[in-house]
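Asker: Here it is, the structure in full.
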Amino acid sequence: MIHVFIGPTLERSAPPLAAPDIRVRPPVRHGDLFADAVPDGDTVVIIDGVYHQAPALRHKEILAAMGRGIPVIGAASIGALRAAELAPFGMLGVGTVYAAYACGEIDGDDEVAVGQAPDGDLSALTWPVINLRHVLGLAVRAAVLDGARAEQLLSVLRAIYYPQRTTAAVRAACEREGAVDFAHWLSQQRAKHQHFGDIKRADALMAIHAAQNSRSPRLESQQLPLEVWESAYFQRWSNAFAHQYVDGLKLSTEDRVIYQQIFDPMFPKTWTAYLEHRSLHPTDGAGRPLAERLAQISGGDLTADRVFHPAIDLRDEQTVALLLAGESEQDRRAVVRYQAALQARRSQPGFSAAAVRDGLTRRLLLRIWQCPEQHFDAEASARGLVCGARAVEVAKRLVPGLLEEADEVNDRTETSVLSERMEAAHDER
């Protein structure tokens, strides 16, 4: 399967996108290249990507996909820029725009940026600088402009903020500069050829053709060493986007683990079992029993959870199985409700999980864990949350769901709701 991330550069009705081996995707964004979205063995073509309305795709996400053996092609827009930046690692660039980035003729994101309709329509409403640059060059070759005049107009047009660089704005700017003949010539050419001067579109079509020509040796992705893309940041991103389908429900694996850390009264034992597993099966070096490591480091005066704080990698199936060993169907359905409650709050202007009050979250955790204030840090550590401050940070995403559940129960207090949840969890185990 060829995943083509496309937006305003190429209309979705373009014939090449109707091929059975093509999966048309929206403009690429952070998280779109993880294994859950793009399976091993597929090919990725990056044309368009977001960077204002959502977090942009990171370079290491592309490198990680290539590290899984996935050929990645970039062209036309943000794909061309990323291909020029990652060409030394094996990303394949295609087309005129890529060549301009690769040779240093252009270097800014503004060269390919366009404005789109706010209602989700992926059609381009404005001219990108790279297309104007190309059109002005064609005008010079057609003797409509001389070189100096073309450079002057490019400077004027580039100064227009990209969401406002419409065809009408381009024509008005040219007329203000006295380039009426060029404006008229451009209108005539576009009347004859709908896509006149649109090198981004031409490059996109070229990239799709290159992806379909899979026999080309250039499409064989390099097997990158792990250290090229693996980092603490990348692991955090991969955890955030990890998900599984369980009983027909799409669930965030990270949310499921956090739910167990917060609500499962037996999770301290689960965390100890995980630490034992990590001690016997380290990522590097020889495995040793947890008690042996603990005696060597602390002399046995501290519990393992106070000494060892390994990072959790939710890409590892055995890790997930260990941490979710006590999960029930009721827990999974609760995770769905909590995800929905958080998403509903996020749709409200100004809300973020980080803005939830620390004091409120701390009080809720103390009630759930039924522990005195002086034992809060120890309880958080026993649950793999390192300390109370970290537990508060992690648990904030659950607060909207907790408050929603409390509000839905007419005559029952928040405390009784939390107590019933803990009793239900204990009974199931």
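The values are calculated or read from the model by the stated rules, or taken from the named source; none is laboratory data. Owing to the predicted nature of the structure, the values given are computational and were not obtained by experimental measurement. With ideal geometry, Cβ positions are generated from the backbone for all residues, glycine too; neighbour counts draw on all protein chains shown.
Asker: Part of a helix (DSSP H, G or I) and either buried (at least 18 other Cβ atoms within 10 Å of the Cβ) or in contact (Cβ under 8 Å) with a residue 12 or more places away in the chain (or both), is that true of A172?
Answerer: Judged against the criteria, A172 is not a match.
Asker: Of the residues that make up the stretch 153-160, is at least one among the hydrophobic types (A, V, I, L, M, F, W, C), in a helix (DSSP H, G or I) and within 27 Å of L205 (Cβ to Cβ)?
Answerer: yes
So that you can scan it fast, the table gives a plain yes or no per residue for (1) assigned to a helix (DSSP H, G or I); (2) at pLDDT below 90; (3) of a type in the set (F, W, Y); (4) more than 20 Å from Y259 (Cβ to Cβ):
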| residue | (1), (2), (3), (4) |
| --- | --- |
| A291 | yes, yes, no, yes |
| I297 | yes, yes, no, yes |
| V320 | yes, no, no, no |
| A344 | yes, yes, no, no |
| G359 | yes, no, no, yes |
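Asker: Hey, which of the helices (runs of 4 or more DSSP H) in the stretch 50-119, taking only ones fully inside, have at least 3 residues that are farther than 23 Å from D36 by Cα?
Answerer: Passing ranges, in order: 78-86, 96-102.
Asker: D301: of a type outside the set (A, V, I, L, M) and either under 28 Å from V399 (Cα atoms) or under 26 Å from the mean Cα position of the chain (by Cα) (or both), yes or no?
Answerer: no
Asker: Out of Q318, Q330, Q339, which single residue is polar (S, T, N, Q), in contact with a strand residue (DSSP E or B) (Cβ under 9 Å, 6 or more places away or on another chain), closer than 30 Å to A35 by Cα and touching a residue at least 24 places away in the same chain (Cβ under 8 Å)?
Answerer: Selected residue: Q339, the only one of Q318, Q330, Q339 that is polar (S, T, N, Q), in contact with a strand residue (DSSP E or B) (Cβ under 9 Å, 6 or more places away or on another chain), closer than 30 Å to A35 by Cα and touching a residue at least 24 places away in the same chain (Cβ under 8 Å).
Asker: Follow-up question, since we're still on this one. Which of the residues spanning the stretch 127-152 are in a loop (DSSP other than H, G, I, E, B) and not acidic (D, E)?
Answerer: Scanning the stretch 127-152 gives W127, P128, A142, A143, V144, L145.
Asker: Something else: Would you check which residues across the stretch 2-28 are in a loop (DSSP other than H, G, I, E, B), crowded, with 17+ Cβ neighbours inside 10 Å and either out of contact with any Phe, Trp or Tyr (no Cβ under 7 Å at 6 or more places or on another chain) or without any contact (Cβ under 8 Å) to a residue 40 or more places away in the chain (or both) and list them?
Answerer: Scanning the stretch 2-28 gives I6, G7, P8, T9, L10.
Asker: Please tell me if Q194 is free of Cβ contacts under 8 Å to residues at least 12 places away in the same chain, assigned to a loop (DSSP other than H, G, I, E, B) and closer than 29 Å to E11 by Cβ.
Answerer: Yes: the conditions hold for Q194.
Asker: Here's a follow-up. Just the residues that are in contact (Cβ under 8 Å) with a residue 40 or more places away in the chain and buried (at least 20 other Cβ atoms within 10 Å of the Cβ), please, taken from the stretch 357-381.
Answerer: L364, L365, I368, S381
Asker: Can you spot a residue in the stretch 199-221 that is outside any helix (DSSP H, G or I) and either among the aliphatic types (A, V, I, L, M) or modelled with pLDDT of 90 or more (or both)?
Answerer: no
Asker: Here is a follow-up. Looking only at the stretch 243-289, count every residue that is small (G, A, S) and within 26 Å of the chain's Cα centre (by Cα) and tell me the total.
Answerer: Adding up the residues that qualify gives 2.
Asker: Let me ask another. Take the residues in the stretch 242-266 that are closer than 11 Å to L324 by Cβ and in a strand (DSSP E or B), then tell me which one is modelled with the lowest pLDDT.
Answerer: Among those that are closer than 11 Å to L324 by Cβ and in a strand (DSSP E or B), it is V246.
Asker: Assess whether L33 counts as being closer than 21 Å to S231 by Cβ, buried (at least 18 other Cβ atoms within 10 Å of the Cβ) and not acidic (D, E).
Answerer: yes
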